[in-house]
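The values are calculated or read from the model by the stated rules, or taken from the named source; none is laboratory data. Quick caveat, the model's predicted, so the values are computed rather than measured. With ideal geometry, Cβ positions are generated from the backbone for all residues, glycine too; neighbour counts draw on all protein chains shown.
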Amino acid sequence: MKLRAKTVLAIVTVLLTAAVGSAFMHPGTYGLLCESVGGKWGSNGNSCVTRTCFRHSTCGYWANPAARCGRLGVSDPISEVYFQLGQPDQVYGNRHIWLERKGPEVVAVIEDDRLVSLACPK
């Protein structure tokens, strides 16, 4: 009888461990973990983009960069602009442009590595 109880306990332990492990492996969990450290979760590439992305040119291309315009303000550093909006599709002098994918075009004017103006659709 003791052997049977140990076997049942072992099976229950394995099942609980598997359930906890699979919950942690769920992409939603990674997204929450990413955001908890100040990152942005890229579900398309299953990756966490952090504020160091500007330095490494890994800010990615986002489907709707305009959705994050409200997080930016005049005089924000270029690194924050790229973190929030992603890599621009085009750069002409001081104009950084994100083209429409799922949302309207966004244009940022950046001078001396600071945001001067931002044209975002409302």
Does Cys59 satisfy being assigned to a loop (DSSP other than H, G, I, E, B), in contact with a Cys (Cβ under 8 Å, 6 or more places away or on another chain) and surrounded by 17 or more Cβ atoms within 10 Å (Cβ to Cβ)?
yes
Looking at segment 27-45 only, could you name the residues that are buried (at least 17 other Cβ atoms within 10 Å of the Cβ) and either assigned to a loop (DSSP other than H, G, I, E, B) or among the small types (Gly, Ala, Ser) (or both)?
Gly31, Gly39, Gly42
Under 7 Å between Cβ atoms, which residue pairs at least 6 apart in sequence (or on different chains) link something in segment 22-42 that is outside the structural domain of Ala67 (by TED's automatic domain parsing) and over 16 Å from Phe83 (Cα atoms) with a partner that is at pLDDT 50 or above and part of a helix (DSSP H, G or I)?
Ala23/Thr29
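Considering only segment 71-98, how many residues are surrounded by fewer than 13 Cβ atoms within 10 Å (Cβ to Cβ) and either part of a loop (DSSP other than H, G, I, E, B) or touching a helix residue (DSSP H, G or I) at 6+ places or on another chain (Cβ under 9 Å) (or both)?
Count: 6.
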Give the residues of segment 46-56 that are exposed (fewer than 15 other Cβ atoms within 10 Å of the Cβ) and in a helix (DSSP H, G or I), sorted by residue number.
Arg55, His56
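Thr13 - would you say it is surrounded by 10 or more Cβ atoms within 10 Å (Cβ to Cβ), at pLDDT below 70 and either touching a helix residue (DSSP H, G or I) at 6+ places or on another chain (Cβ under 7 Å) or not assigned by TED's automatic domain parsing to the domain that holds Lys122 (or both)?
When the stated conditions are applied, Thr13 passes them.
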